[in-house]
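Asker: Before we start, here is the structure in question, set down as structure tokens.
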Amino acid sequence: MKKLLVFTDLDGSLLDHQNYDWSAAQPALHRLAQLGFPLIFNTSKTLAELIPFSQELNNHQPMICENGNVAAIPEHYFEQTVVNHTNYNTHLFGNDYQSIITTLQQLRNEYGFQFSGFYDLGIAGVMEHTGLSHEKAALACQRLCSEPLLWQGCADDLITLQNKLAQQGLSLTRGGRFYHVMSPVNKGKTMAWLLARFENNQPETEWISVALGDGPNDLQMLEAAEHSVLIRNPHSTPPDVSHINNILTPLPPGPAGWNEAVNQIIDLYL
């Protein structure tokens, strides 16, 4: 039996870049749920942000957070018993948040780098730069393994920061409007880890991986999937996907393009 296992970025992909609306994707979301094809959020968002969103969509599946640094699996999910929708077993693949903040502060003090992270901005600053409500900005600040940055310096200094972070065992990757400082993990590696969990738990099922994203931090996820979709985002520079065979690039941006591509892939297996 073949089943799709769909991994998706959120901001700019399933969610509209400006207003975070997902209603244009509702037809495809409904089909996935009806067919029993799991939908896995694979995003830079925090687990604290994803839990209420998963409840809003009634999508109680494992989730990948903070650009692959965190995987959260509902209790008893793979034991095929009643799933506890409020408790998650979390798996951390990167450095803890406080150690990342300490490293960033030390580098800024030593080299004068010009950036503002969520730690610097606080809830009010995150609200200003993202348009999130106070409640949602507070959830975005509950981080476990990564720090988003607004870069305010020159290009040469950004390269220097990237090199200094690498010497500390950290990476700098571009998301949509933010850079992200974290351990050298990515969405693709954690996607492969979670896919293996599904395959080991249900060996009778042939899992077909699908990945949808719009930004450079989605590239490894798109490269690792059997079906890949690059969502158009007029507000960010897309990654180079010319080396990925048969990648879909729907014309509509955001959730409308997401809906079109997912329906097209579903039709291949019905």
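Asker: When the Cα centres of the stretch 236-270 and the stretch 170-227 are compared, how far apart do they sit, in Å?
Answerer: Each part's Cα centre sits 16 Å from the other's.
Asker: Taking only the alpha carbons of the chain, what extent do you get along each of the three principal axes, in Å, biggest first?
Answerer: Over the chain, Cα extents along the principal axes are 58, 39, 34 Å.
Asker: Evaluate the charge dipole of the chain about its Cα centre and quote only its size in Debye, nearest 20, assuming +1 on the Cβ of each Lys and Arg and -1 on the Cβ of each Asp and Glu.
Answerer: For this selection, approximately 120 debye.
Asker: Have a look at the DSSP beta bridges in the chain and tell me what percent are antiparallel, nearest 5.
Answerer: The antiparallel proportion sits near 50 percent.
Asker: Net charge near Arg143: determine it from the other residues with C-beta under 15 Å of the C-beta of Arg143, scoring Lys and Arg +1 and Asp and Glu -1.
Answerer: Within the 15 Å Cβ shell, the charges total -3.
Asker: According to the Kirkwood expression over distinct Cα-Cα pairs, how big is the hydrodynamic radius of the stretch 148-192, in Å?
Answerer: It works out to 11.2 Å.
Asker: Considering only Asn59, Asn109, Asn201, give the residue with the highest GNM mean-square fluctuation for the chain, with springs between Cα atoms whenever their separation is below 10 Å.
Answerer: Highest fluctuation among the options: Asn109.
Asker: Under a straight-distance cross-link criterion of Cα-Cα below 21 Å, which lysines are reachable from Lys136, leaving out those fewer than 8 residues away in the same chain?
Answerer: Lys45
Asker: Which residue fluctuates most in the GNM of the chain (Cα springs below 10 Å): Gln105, Gln61, Gln34?
Answerer: Gln34
Asker: Which one of His243, His134, His17 has the biggest mean-square fluctuation once the chain is modelled by GNM with Cα springs under 10 Å?
Answerer: His243
Asker: Ranking Ser133, Ser116, Ser44 by Cβ neighbours within 10 Å, fewest first, what do you get?
Answerer: Fewest-to-most ranking of Ser133, Ser116, Ser44: Ser133, Ser116, Ser44.
Asker: What list do you get for Thr130, Thr46, Thr237 if you sort them by fewest beta carbons within 10 Å?
Answerer: Starting with the residue having the fewest Cβ neighbours, the order is Thr237, Thr130, Thr46.
Asker: What is the spread of the Cα atoms of the stretch 97-182 along each of their three principal axes, largest first, in whole Å?
Answerer: So the three principal-axis extents are 36, 25, 22 Å.
Asker: Apply the Kirkwood formula to the stretch 20-176: the hydrodynamic radius equals the inverse of the mean of 1/r over all pairs of different alpha-carbon atoms; give it in Å with one decimal.
Answerer: One over the average 1/r among Cα pairs gives 17.4 Å for the stretch 20-176.
Asker: Now, a different point. Of all GluC sites (Glu not before Pro) in the stretch 151-213, which ones are in loop regions per DSSP and have a Cβ with at most 13 other Cβ atoms within 10 Å?
Answerer: In loop regions of the stretch 151-213 (DSSP not H, G, I, E or B), the sparsely surrounded GluC sites (Glu not before Pro) are Glu204.
Only the coordinates and a few stated rules stand behind these numbers; no lab work does. Bear in mind the structure is a predicted one, so any value in this text is a computation, not a measurement. Here Cβ is always computed from backbone atoms with ideal geometry, including for glycine, and neighbour counts include all displayed protein chains.
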